[in-house]
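**Student:** Got a structure here, written out as structure tokens. Questions coming.
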Amino acid sequence: MLERWRAERRVYFRHRQAKLAALNINRVWGPALWAPDYSTPPGSQLPPYVIAALAEETGDVLGVDVPGWTMAQMTQGESIRRPASAAVDAGGSVGYGLHAITRPFNDDLLARFGWSYEPDMWNPVRNTVIMALIYGRQGLAAWYGDGHLTCRDCHYRGRFDLSLVLGGKSLAQAIR
């Protein structure tokens, strides 16, 4: 029984690795999913461990202590883990992408990289870079999707290899 379980586990992980390698998250996702459309078409969401690993490593690259699991949980409330998410807030501001990067409050951060809200914030890698910078200057106060948090400072401790979902590139290469 144990041998069969090990064999099936190996098959599962090979299958998962092949699926992830085909994913390549460093791209603009679309079409845009504007709220209140809360549907989740197949392939429109990222797995939480990918979001957590991306947030954690982005923080490391930028020198910001980003709690990966906390931010992955936050995306459930902000975008339902959909990179192409967009919504107009009650005050009239618009949030884009996984971490709901809000216009006009983050114009200076996007200008630093020469990015725009549309379509750059629908790229999960670019969206996470801006999230890490916002987190560095404001902490969790910048987001409202905290109803899904089970821990406010939970770091991702897994060993997920981001190059699997970045087309074989390192995160530093993908950000350029």
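**Student:** Mind listing just one residue for me: the one in the stretch 79-94 that is surrounded by fewer than 24 Cβ atoms within 10 Å (Cβ to Cβ) and of a type outside the set (A, V, I, L, M, F, W, C) and, of those, nearest to the chain's Cα centre (by Cα)?
**Tutor:** Checked the stretch 79-94; the qualifying residue nearest to the chain's Cα centre (by Cα) is 81.
**Student:** Would you mind finding the one in 126, 176, 152, 157 that is modelled with pLDDT of 95 or more and open to solvent by 50 Å² or more (accessible area, probe 1.4 Å)?
**Tutor:** Criteria check complete, one pass: 126.
**Student:** Based on this model, can you work out whether residue 99 counts as surrounded by fewer than 21 Cβ atoms within 10 Å (Cβ to Cβ), under 16 Å from the mean Cα position of the chain (by Cα), in a loop (DSSP other than H, G, I, E, B) and at negative phi?
**Tutor:** In short, no.
**Student:** Now a separate question. Being of a type in the set (Val, Ile, Thr) and either open to solvent by 20 Å² or more (accessible area, probe 1.4 Å) or free of Cβ contacts under 8 Å to residues at least 60 places away in the same chain (or both) is the filter here, so list the residues in the stretch 30-71 that pass it.
**Tutor:** If the condition is that a residue be of a type in the set (Val, Ile, Thr) and either open to solvent by 20 Å² or more (accessible area, probe 1.4 Å) or free of Cβ contacts under 8 Å to residues at least 60 places away in the same chain (or both), then 40, 61, 64 are the ones that fit.
**Student:** Has the stretch 131-142 got at least one residue that is in a loop (DSSP other than H, G, I, E, B) and within 15 Å of the chain's Cα centre (by Cα)?
**Tutor:** For the stretch 131-142, residues in a loop (DSSP other than H, G, I, E, B) and within 15 Å of the chain's Cα centre (by Cα): absent.
**Student:** Can you pull out the residues in the stretch 1-29 that are at pLDDT 85 or above and under 30 Å from residue 87 (Cβ atoms)?
**Tutor:** Those that are at pLDDT 85 or above and under 30 Å from residue 87 (Cβ atoms): 24, 25, 26, 27, 28, 29.
**Student:** Looking at residue 54, is it in contact with a Ser or Thr (Cβ under 6 Å, 6 or more places away or on another chain), part of a helix (DSSP H, G or I), at pLDDT 95 or above and closer than 27 Å to residue 160 by Cα?
**Tutor:** For residue 54, the condition - in contact with a Ser or Thr (Cβ under 6 Å, 6 or more places away or on another chain), part of a helix (DSSP H, G or I), at pLDDT 95 or above and closer than 27 Å to residue 160 by Cα - is met.
The values are calculated or read from the model by the stated rules, or taken from the named source; none is laboratory data. Computed from a predicted structure; not experimentally measured. With ideal geometry, Cβ positions are generated from the backbone for all residues, glycine too; neighbour counts draw on all protein chains shown. The area values use the complete protein model at the heavy-atom level, side chains included, leaving out ligands, DNA and RNA. Shrake-Rupley method; radii C 1.70, N 1.55, O 1.52, S 1.80 Å.
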